[in-house]
Amino acid sequence: MPFFESINRLFPLWAIACSIVAMVQPHWFISLAPAIQGLLSLVMFTMGLTLSHRDFYRVARSPKPIVVGMVLQFTVMPLAALGIAMLLQFDEMLTAGMVLVGATAGGTASNVITWLAGGRVALSVSMTLVSTLMSVALTPLLTWLLLGTGISVDLWGMLLSILKMVMVPVVLGILLHPLLAGQIQRWESALASLAMAVIVLIIAIVVALNADKLLSLGPIIALAVIAHNGFGLTVAYASARGLGFDQRTARTLAIEVGMQNSGLAVALANQFFTATAALPGALFSIWHNISGSLLASYWKRRPVDEKSEHQ
């Protein structure tokens, strides 16, 4: 639907606008903090609704790019997050927030950005699906391993929380897909708009909870987020080309690895650490959609020669 697609392309603007409103009127959003987990579950459910058995078939048929993407997703991104936090001398809570962002799965908006960039949408969907399922175990495990003994990490509590917020809603959506396939195909862009609106609301809640700290902490966290996102995009693209993947596949891997499920990082940080720990995830949610949109626009103006890129 063109109307919803137009709204979805302006995702970064909606996120920035709502963040400004939350800074000016934080009391509008603070009371909604307990709803963050439920809101994220709604996003995961809408993602599950759009997945079919064909997505699983694509995973089995072309595993190599997915395997490379998963290795990069769960090594480069969490290690880079920790390294940047240490370099900028973040305190324990901000470091925890950065590590959570790095240790999560690929972001749900990556599928739209991949389409806009002329990448391989089927591969993008498959990578998001696989990384989301892997994150159930790897996100709490990596957070626990990388934060060390300095910060108490409730490994099993985090695992159970991700199961409830991610696995259950996604699986429920997948199970309902065959019953609603016709309607889902017709309303897919509207579902994406719903997911976008929920993510924007989550960002606004986190900004409201940290309104008094953003003026002092905002610039340094923004620097960390931009560096982290840029590093992921660059390393993933260079790795894909170095391994001989075609241009469209390399673009897809870059977007999938560079764009994180920062909404999950926000929900986990708010539940297991502090509102301050949720700040990196909130700012990442805004920035990776801006950088992804800019990159997609750049690549869209440089279409791939399908003959030379044919596999």
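Some notes on this structure:
- When Rg and the Kirkwood radius Rh are both evaluated on Cα atoms of segment 22-82, their ratio Rg/Rh stands at 1.18.
- Directionally averaged projected area (segment 190-311, Cα convex hull): 9.2 nm².
- Taking all C-alpha pairs of the chain, those more than 33 Å from each other amount to 17 percent.
- Working note: 222 nm ellipticity from helices only, DSSP H runs with n ≥ 4, each -39,500 (n - 2.57), summed and divided by the residues of the chain, gives -26000 deg cm²/dmol to the nearest 500.
- Angle between the chain longest axis and helix 76-87 axis [Cα atoms, degrees, rounded to 10]: 30
- Net dipole in debye of segment 154-311 [+1 Lys, Arg Cβ; -1 Asp, Glu Cβ; about Cα centre; nearest 20]: 260
- The amide H of Gln260, built 1.01 Å from its N in the peptide plane, has Gly107 as neighbours under 5 Å, considering only residues 5 or more places off or on other chains.
- About its Cα centre, the dipole of the chain is roughly 760 debye, where the only charges are +1 on Lys and Arg Cβ and -1 on Asp and Glu Cβ.
- The orientation-averaged projected area of the convex hull spanned by the Cα atoms of segment 134-220 comes to 8.3 nm².
- Cβ crowding within 10 Å, taken as a proxy for footprinting-reagent exposure, orders Thr274, Thr114, Thr50 from fewest neighbours to most as Thr274, Thr50, Thr114.
- Packing-based exposure ordering (other Cβ within 10 Å, fewest first) of Arg248, Arg302: Arg302, Arg248
- Taken along the Cα-to-beta-carbon direction at a fixed 7 Å, the label points for Leu215 and Val168 span 4.1 nm.
- Evaluated over the Cα positions of segment 69-144, the convex hull gives a direction-averaged projected area, one quarter of its surface, of 5.3 nm².
- Taken as Cα centroids, segment 95-160 and segment 237-301 sit 10 Å apart, rounded to the nearest whole angstrom.
- The relative contact order of the chain, computed from alpha carbon pairs under 8 Å that lie at least 6 residues apart in sequence, is 34 percent.
- Degrees between helix 63-73 axis and first principal axis of the chain (Cα, 0 to 90, nearest 10): 20
- Förster radius 51 Å - calculated FRET efficiency between Arg301 and Gln89, Cβ distance, rounded to 0.05: 0.80
We did not get these values from a lab; they are worked out from the coordinates using the rules stated. The structure displayed is predicted, hence computed values, not measured ones. As a convention, Cβ positions derive from the backbone with ideal geometry for all residues, glycine included, and neighbour counts pool all protein chains shown.
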